[in-house]
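A.B. asks: Would you mind keeping the following structure in view while I ask a few things?
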Amino acid sequence: MEKLEQLYEGKAKKVFKTSEPGKYWIEYKDDATAFNGEKKAQIAGKGRLNNEISTIFLSLLKEKGVHNHFIKKISATEQIVQQVKIIPIEVVVRNIAAGSLAKRLGWEEGKELPQPIVEFYYKDDELGDPFINNDHIGILGLANETELVELREQALKINEILKEFVLNKGIILVDFKLEFGKTPAGDVILADEISPDTCRFWDSETKQKLDKDRFRRDLGNVEEAYQEILSRIGGSVNV
Ligand code: UDP
């Protein structure tokens, strides 16, 4: 398979066409951004770590019957995925109050939610990814009612699988963001990445943050935290 022209460059990844129809080539970058791109930096080794971490999570989900775009990891920073058109909805699942939810509800960070909740955000950088509800999604034409029910069910199923998997490794899954895409055949499948860039992970004993909040909040040891997540979930890359 050959890597062809670049289709898209996002904040953390580049997407290329390939010589094989229906397959994309993804490259994970070391770039980190926060606060809608206002804060930027390079985190040495992040591309390699997130490629490996995402490979582990997406492979686990595939094993458990959650269809997703991952096909194979082909180098330290690259993977081949199924071609999809990303649905511009960020699907966030939360188990514990943190970040924007803690702010919105006035809840203390760390408070356990009575049940996992799902939220939708409109994936639009110019608007700063605003919080939206089902009616907004309807009038924007982003997804129909059936697809929305499916997104919610998939998100909650993914939460159960990941939560249990990481808890066995001494990690609490606080919250995370998913993106879904449509295949050329019209199926909606999980896409994008699952990594410390897109999830909040806390050590279950010490409650130490092992995710992108270390970068957002200037807590230091960002690479070390990502490496710790990778080591605990069974990855082998040492950077
Ligand atoms: N998240 C993400 N990309 C975004 C916004 C949020 O991956 O553009 C993830 C974030 O890492 C966290 C979860 O979604 O795991 C919930 O984020 P929150 O709404 O609390 O936003 P933040 O605190 O980043 O403003």
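The values are calculated or read from the model by the stated rules, or taken from the named source; none is laboratory data. The structure presented is a predicted model; accordingly, all values stated were derived computationally and were not measured. Quick reminder, even Gly has a Cβ in these numbers, built from the backbone with ideal geometry, and neighbours come from all protein chains shown. Remember, those area values only see protein heavy atoms, side chains included, never the ligands or the DNA or RNA. Shrake-Rupley method; radii C 1.70, N 1.55, O 1.52, S 1.80 Å.
A.B. asks: Looking at (1) crowded, with 21+ Cβ neighbours inside 10 Å; (2) within 13 Å of the ligand (Cβ to nearest atom), find the lone condition where residue 190 falls short.
C.D. replies: (2)
Condition check ((1) closer than 20 Å to residue 184 by Cα; (2) in contact with a helix residue (DSSP H, G or I) (Cβ under 6 Å, 6 or more places away or on another chain); (3) open to solvent by 20 Å² or more (accessible area, probe 1.4 Å)) across all residues:
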{"site": "7", "(1), (2), (3)": "yes, no, yes"}
{"site": "13", "(1), (2), (3)": "no, no, yes"}
{"site": "18", "(1), (2), (3)": "yes, no, no"}
{"site": "22", "(1), (2), (3)": "yes, no, yes"}
{"site": "39", "(1), (2), (3)": "no, no, yes"}
{"site": "72", "(1), (2), (3)": "yes, no, yes"}
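Listed here are the residues, each with its yes/no results for (1) closer than 23 Å to residue 5 by Cα; (2) in a strand (DSSP E or B); (3) among the hydrophobic types (A, V, I, L, M, F, W, C).
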{"site": "27", "(1), (2), (3)": "yes, yes, no"}
{"site": "37", "(1), (2), (3)": "no, no, no"}
{"site": "47", "(1), (2), (3)": "yes, no, no"}
{"site": "54", "(1), (2), (3)": "no, no, no"}
{"site": "61", "(1), (2), (3)": "no, no, yes"}
{"site": "66", "(1), (2), (3)": "no, no, yes"}
{"site": "81", "(1), (2), (3)": "yes, yes, yes"}
{"site": "93", "(1), (2), (3)": "no, yes, yes"}
{"site": "107", "(1), (2), (3)": "no, no, yes"}
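A.B. asks: Among the residues of the range 194-206, count how many are within 9 Å of the ligand (Cβ to nearest atom) and open to solvent by 10 Å² or more (accessible area, probe 1.4 Å).
C.D. replies: 3
A.B. asks: Related question: Restricting attention to the range 213-230, which residues are within 11 Å of the ligand (Cβ to nearest atom) and open to solvent by less than 30 Å² (accessible area, probe 1.4 Å)?
C.D. replies: First pass over the range 213-230, keeping only residues within 11 Å of the ligand (Cβ to nearest atom): 213, 215-217.
Of everything in the range 213-230, those that are within 11 Å of the ligand (Cβ to nearest atom) and open to solvent by less than 30 Å² (accessible area, probe 1.4 Å) turn out to be 213, 215.
A.B. asks: So for the range 82-105 (the condition being of a type in the set (Val, Ile, Thr) and touching a helix residue (DSSP H, G or I) at 6+ places or on another chain (Cβ under 6 Å)), does at least one residue qualify? Spell out the reasoning first.
C.D. replies: Of the range 82-105, the ones of a type in the set (Val, Ile, Thr) are 84, 86-87, 89, 91-93, 96.
Applying the additional criterion that residues be touching a helix residue (DSSP H, G or I) at 6+ places or on another chain (Cβ under 6 Å) yields 91, 93.
So far as the range 82-105 goes, yes, one or more of its residues are of a type in the set (Val, Ile, Thr) and touching a helix residue (DSSP H, G or I) at 6+ places or on another chain (Cβ under 6 Å).
A.B. asks: Give me the pairs: first residue in the range 29-43 and on the phi > 0 side of the Ramachandran plot, second residue part of a loop (DSSP other than H, G, I, E, B) and open to solvent by less than 50 Å² (accessible area, probe 1.4 Å), beta-carbon distance under 6 Å, and six or more apart or on different chains, which are they?
C.D. replies: 36/128
A.B. asks: Which of the residues that make up the range 27-37 are more than 16 Å from the ligand (Cβ to nearest atom) and touching a helix residue (DSSP H, G or I) at 6+ places or on another chain (Cβ under 6 Å)?
C.D. replies: 30
A.B. asks: For residue 101, are the conditions met, namely being under 14 Å from the mean Cα position of the chain (by Cα) and in contact (Cβ under 8 Å) with a residue 24 or more places away in the chain?
C.D. replies: On the way: under 14 Å from the mean Cα position of the chain (by Cα): no; in contact (Cβ under 8 Å) with a residue 24 or more places away in the chain: yes.
So residue 101 does not fit the description; no.
A.B. asks: Looking only at the range 94-144, count how many residues are within 10 Å of the ligand (Cβ to nearest atom), open to solvent by 30 Å² or more (accessible area, probe 1.4 Å) and charged (D, E, K, R). Break it down stepwise before answering.
C.D. replies: Of the range 94-144, the ones within 10 Å of the ligand (Cβ to nearest atom) are 94, 97-104, 109, 119, 121, 123, 125, 128-129, 131.
So of that shortlist, the ones also open to solvent by 30 Å² or more (accessible area, probe 1.4 Å) come out as 100, 103-104, 109, 123, 125, 128-129, 131.
Checking which are charged (D, E, K, R) leaves us with 103-104, 109, 123, 125, 129.
Qualifying residue count, the range 94-144: 6.
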